[in-house]
Amino acid sequence: MKPLQKLGLALKSRLGRIVTRGRTFIPEVDGLRFIAITAVILFHLQTFTPNQGIAAHTLGSAVSTLLDLGRYGVQLFFILSGFLLAMPFANWRLGLGKRPSLRAYYLRRLTRLEPPFMIAMLGLFLLGIAVHIISGPGAASKWPGIPQWPHFIATIFYQHNLVYGRTSPITPVEWSLEVEVQFYLLAPLLTLPFSIRNAITRRMVFAGVIVGSPLLRGLVSPHFWQRFDSLPVHLEFFAAGFFLADLFLVDWKQTPTRSFRWDVASLVGWPVLVTLLLFPNYSVFIAPAALFCYVGAFRGRISSWLLSRPEVTVLGGMCYTLYLLHYTIIMASNTFLRKLALTWGFLARFALDALIVLPMILIVSVVFFYICERPFMNPAWPSRTMQRLRGSPSVPLSSA
């Protein structure tokens, strides 16, 4: 066995997501998560890299512009959420499986996502207080928006966007989790169109939402959406996930056939998506283009192979931890990097920041993931925890 294969298998064994009986592992999903979280991290790293004096139409300007598009990695996550959460309800409504338990569905969301979220938010909140105490008044300039109790309470209940109309000072990236929670709560209802038996009609409904949502949103003042950034602002991406789930279940029978033609399509699709992101006026085409790229990820031989590598899926499977922690690590690192007072150009400075900060993000996230997230990936952890507290034997966690 090649050393790289051994490394991949070792990573998958120790850090791979926990998959229990009855649950299907789709490696391409974690591969796409890897793309999305990488884009988000590089975007935030770029925002802390000094870029004053970059001349327009230079290599540094082009790289900075491309890195700035990483903010749309969040929308890539929304498509995957739509795809994954639609599956059990779509399977039932399409007559392909049994009716999912709403109790089990909501309990799973609660026991899987809440423990690592609460641990991370509490840790970041206490860290902000510690920095404020140690550094004194000057901390406000290093750690913008020192968190206070009302903000913390609003954050842990996923209400900060709605209550304050801005991102949380605990961590600004929490805004998207509020959107996700709104979708989690409404997903059983939003999947009603899967009850439509005619595939063409059903997909026309999804396509209508994908195209119509940005058009309808344009009729309302953008200041309103900025103030109340919620599910309707991103509905077309979740609908794109529904469309993908429809294809996966009905056309592909959960086993997509692959061809090099879809690899060629991907080579065209991803650059087209990036180009569309550069022009906000063409936002109506962004979700359809992303959906096309996702189909290519599943159907392309090379695309699927690349996205299914253990080295990629392991990091993609850690995306929740990486998302929760990366911004604070970047911000903390920047307080020290700024003291270097380097006069380098943007590209050199960004490369230095990446060389220092990315390994820090990876190390901290691996530790947090292994201790504070991975154990909660097993749906049986609450009952097993109770068994341990009562002194009863329990079955070890299985991983895949």
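The values are calculated or read from the model by the stated rules, or taken from the named source; none is laboratory data. It should be emphasised that the depicted structure is a prediction, and the values quoted were computed from it without experimental measurement. So basically every Cβ, Gly included, is an ideal-geometry build from the backbone, and we count neighbours across all protein chains shown.
Of everything in segment 313-356 that is in a loop (DSSP other than H, G, I, E, B) and touching a residue at least 24 places away in the same chain (Cβ under 8 Å), the residue that is surrounded by the most Cβ atoms within 10 Å (Cβ to Cβ) is 318. Scanning segment 76-109 for residues that are under 30 Å from residue 42 (Cα atoms) and either of a type in the set (Gly, Ala, Ser) or in contact with an Asp or Glu (Cβ under 9 Å, 6 or more places away or on another chain) (or both) turns up 77, 78, 81, 82, 86.
Being out of contact with any Ser or Thr (no Cβ under 9 Å at 6 or more places or on another chain), within 14 Å of residue 29 (Cα to Cα) and surrounded by 14 or more Cβ atoms within 10 Å (Cβ to Cβ) is a property that residue 82 has.
The set of residues in segment 298-312 that are surrounded by 17 or more Cβ atoms within 10 Å (Cβ to Cβ) and in a helix (DSSP H, G or I) comprises 298, 299, 303, 304, 307, 310, 312.
Given (1) in contact with a helix residue (DSSP H, G or I) (Cβ under 8 Å, 6 or more places away or on another chain); (2) surrounded by fewer than 18 Cβ atoms within 10 Å (Cβ to Cβ); (3) part of a helix (DSSP H, G or I), where does residue 183 come up short, assuming only one miss? (2) is the only condition that residue 183 fails. Taken over segment 151-162, the criterion of being closer than 12 Å to residue 117 by Cα and assigned to a loop (DSSP other than H, G, I, E, B) is satisfied by 157, 158.
When residue 102 is tested against (1) crowded, with 16+ Cβ neighbours inside 10 Å; (2) in contact (Cβ under 8 Å) with a residue 24 or more places away in the chain, only condition (1) is not met. The set of residues in segment 186-209 that are farther than 26 Å from residue 106 by Cβ and either in contact with a helix residue (DSSP H, G or I) (Cβ under 8 Å, 6 or more places away or on another chain) or assigned to a helix (DSSP H, G or I) (or both) comprises 199, 200, 201, 203, 204, 207, 208.
Of 241, 269, 212, all but one fail to be in a helix (DSSP H, G or I) and within 24 Å of residue 91 (Cα to Cα); the exception is 241.
From 285, 369, grab the single residue that is crowded, with 21+ Cβ neighbours inside 10 Å and outside any strand (DSSP E or B).
Details: 285 fails: crowded, with 21+ Cβ neighbours inside 10 Å.
369 is the lone residue from the list that is crowded, with 21+ Cβ neighbours inside 10 Å and outside any strand (DSSP E or B).
The condition of being out of contact with any Ser or Thr (no Cβ under 8 Å at 6 or more places or on another chain), surrounded by fewer than 17 Cβ atoms within 10 Å (Cβ to Cβ) and under 22 Å from residue 70 (Cα atoms) holds for only one of 272, 295, 250, 264, that being 272.
Return a yes/no flag: does segment 163-172 have any residue that is at pLDDT below 95, out of contact with any Gly (no Cβ under 6 Å at 6 or more places or on another chain), over 18 Å from residue 294 (Cβ atoms) and outside any loop (DSSP other than H, G, I, E, B).
Of the residues in segment 163-172, the ones at pLDDT below 95 are 163-172.
Imposing the further condition that a residue be out of contact with any Gly (no Cβ under 6 Å at 6 or more places or on another chain) reduces the set to 163-168, 170-172.
Now drop any that are not over 18 Å from residue 294 (Cβ atoms), which leaves 163-168, 170-172.
After this cut, where a residue has to be outside any loop (DSSP other than H, G, I, E, B) as well, the list is 163-164.
Within segment 163-172, one or more residues are at pLDDT below 95, out of contact with any Gly (no Cβ under 6 Å at 6 or more places or on another chain), over 18 Å from residue 294 (Cβ atoms) and outside any loop (DSSP other than H, G, I, E, B).
Residue 65 meets all of the listed conditions (1) among the β-branched types (Val, Ile, Thr); (2) at pLDDT 95 or above; (3) farther than 30 Å from residue 201 by Cα but one, namely (2). For the structure I just gave you, tell me whether residue 217 is in contact with a Gly (Cβ under 7 Å, 6 or more places away or on another chain) and modelled with pLDDT under 95. No; evaluated as a whole, the condition is false for this residue.
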